[in-house]
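Q: Below is the structure I would like to discuss, written out as structure tokens.
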Amino acid sequence: MLPGVSTLLTIGETATRSGVAASALRYYEERGLITSVRAGSGHRRYPRPVLRRIAFIVFAQRVGLTLEEIGIELAKLPPDRAPTRGDWSALSSTWTARIDDRIAELERLRAGLTECIGCGCLSLERCRLTNPDDRAGRLGPGPRYWVGDRPPVPAGPASIGG
């Protein structure tokens, strides 16, 4: 610990240091993801190791974990000390497949930015051409072409002798 640096941070200091809004910190605490102690005035004070937990929460959300999933992961960490590199490594080791899925989804998005995704939201004029009579809607709910369905191939003229 550096001289003159408190082991407890106010909610404002924690928000500034973590880059997370104070309202989000209160919400994380309400969900049991982080904890604070109360000063004599009743104000929240956060122990410094909470900054690592908050960083984990932010990163895990970017990977695509829900707050419920994050809570399950954080429950695996020791409550009485700052998590070690090994602790973090163990938690994040199962994320590779999820990150790969996210990368593939982003690549589909980049490749399809100029195409219809089969939900009618990009251009009514264009969708009349690529999705007449909402054929994509018959494949199921949501952006069907985005999730991997392909438009049906238009029937061509019947082949002779076939």
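Q: Could you grab me the full set of residues in the range 20-60 that are of a type in the set (G, A, S) and either closer than 24 Å to K76 by Cβ or at pLDDT below 95 (or both)? Steps first, answer last, please.
A: Here is the first cut: in the range 20-60, the residues of a type in the set (G, A, S) are 21-24, 32, 36, 39-42, 55, 60.
Hits for the range 20-60 are A24, G32, S36, A39, G40, S41, G42, A55, A60.
Q: Which of the numbered conditions does A82 fail, given that it passes all the others? Conditions: (1) in contact with a helix residue (DSSP H, G or I) (Cβ under 8 Å, 6 or more places away or on another chain); (2) loosely packed, with under 15 Cβ neighbours inside 10 Å; (3) part of a helix (DSSP H, G or I); (4) not charged (D, E, K, R).
A: Of (1) in contact with a helix residue (DSSP H, G or I) (Cβ under 8 Å, 6 or more places away or on another chain); (2) loosely packed, with under 15 Cβ neighbours inside 10 Å; (3) part of a helix (DSSP H, G or I); (4) not charged (D, E, K, R), only one is false for A82: (3).
Q: Could you tell me which of the residues I34, I72, I54 is hydrophobic (A, V, I, L, M, F, W, C) and surrounded by fewer than 16 Cβ atoms within 10 Å (Cβ to Cβ)?
A: Numbers: I34 fails: surrounded by fewer than 16 Cβ atoms within 10 Å (Cβ to Cβ); I54 fails: surrounded by fewer than 16 Cβ atoms within 10 Å (Cβ to Cβ).
Every option except I72 fails the conditions.
Q: Quick check, is T84 under 30 Å from G12 (Cβ atoms) and at pLDDT 70 or above? Steps first, please.
A: Numbers: under 30 Å from G12 (Cβ atoms): yes; at pLDDT 70 or above: yes.
Considered against the rule, which asks whether it is under 30 Å from G12 (Cβ atoms) and at pLDDT 70 or above, T84 comes out as yes.
Q: Tell me, please, whether a residue that is over 15 Å from V20 (Cβ atoms), within 24 Å of the chain's Cα centre (by Cα) and assigned to a helix (DSSP H, G or I) can be found in the range 59-68. Show your work before the answer.
A: Our first condition is that a residue be over 15 Å from V20 (Cβ atoms); within the range 59-68, this holds for 63-66, 68.
From the residues that got through so far, the ones that are within 24 Å of the chain's Cα centre (by Cα) too are 63-66, 68.
Cutting the leftovers down to assigned to a helix (DSSP H, G or I) gives us 63, 68.
Yes, there is a match, as at least one residue in the range 59-68 is over 15 Å from V20 (Cβ atoms), within 24 Å of the chain's Cα centre (by Cα) and assigned to a helix (DSSP H, G or I).
Q: Let me ask something else about it. Tell me which residues, restricted to the range 15-29, are part of a loop (DSSP other than H, G, I, E, B) and free of Cβ contacts under 8 Å to residues at least 12 places away in the same chain. Outline the logic, then answer.
A: Here is the first cut: in the range 15-29, the ones part of a loop (DSSP other than H, G, I, E, B) are 19-21.
Once the filter is applied, which keeps residues that are part of a loop (DSSP other than H, G, I, E, B) and free of Cβ contacts under 8 Å to residues at least 12 places away in the same chain, the range 15-29 yields only A21.
Q: Follow-up. Which residue out of E68, E13 is among the acidic types (D, E) and either touching a strand residue (DSSP E or B) at 6+ places or on another chain (Cβ under 7 Å) or over 30 Å from D100 (Cβ atoms) (or both)?
A: Numbers: E68 fails: either touching a strand residue (DSSP E or B) at 6+ places or on another chain (Cβ under 7 Å) or over 30 Å from D100 (Cβ atoms) (or both).
After applying the criteria, what remains is E13.
Q: Can you tell me which residue is modelled with the lowest pLDDT among those in the range 87-103 that are within 30 Å of W146 (Cα to Cα) and among the acidic types (D, E)? If you could, list the steps in order and put the result at the bottom.
A: First pass over the range 87-103, keeping only residues within 30 Å of W146 (Cα to Cα): 92-103.
Keeping just the survivors that are among the acidic types (D, E) gives 100-101.
Details: D100: 89, D101: 86.
Ranking the candidates gives D101 first.
Q: A follow-up question, please. With respect to I54, is the statement that it is part of a helix (DSSP H, G or I), closer than 30 Å to G148 by Cα and in contact (Cβ under 8 Å) with a residue 12 or more places away in the chain true? Break it down stepwise before answering.
A: Details: part of a helix (DSSP H, G or I): yes; closer than 30 Å to G148 by Cα: no; in contact (Cβ under 8 Å) with a residue 12 or more places away in the chain: yes.
No.
Q: Can I ask one more? Which one of these is outside any helix (DSSP H, G or I) and over 18 Å from S92 (Cβ atoms): G12, G32?
A: Values: G12 fails: outside any helix (DSSP H, G or I).
One residue alone meets the criteria, G32.
The values are calculated or read from the model by the stated rules, or taken from the named source; none is laboratory data. Here the structure is a predicted model, which is why all the values come from computation and not from measurement. Cβ sites come from the backbone with ideal geometry, for glycine too, and all protein chains shown count toward neighbours.
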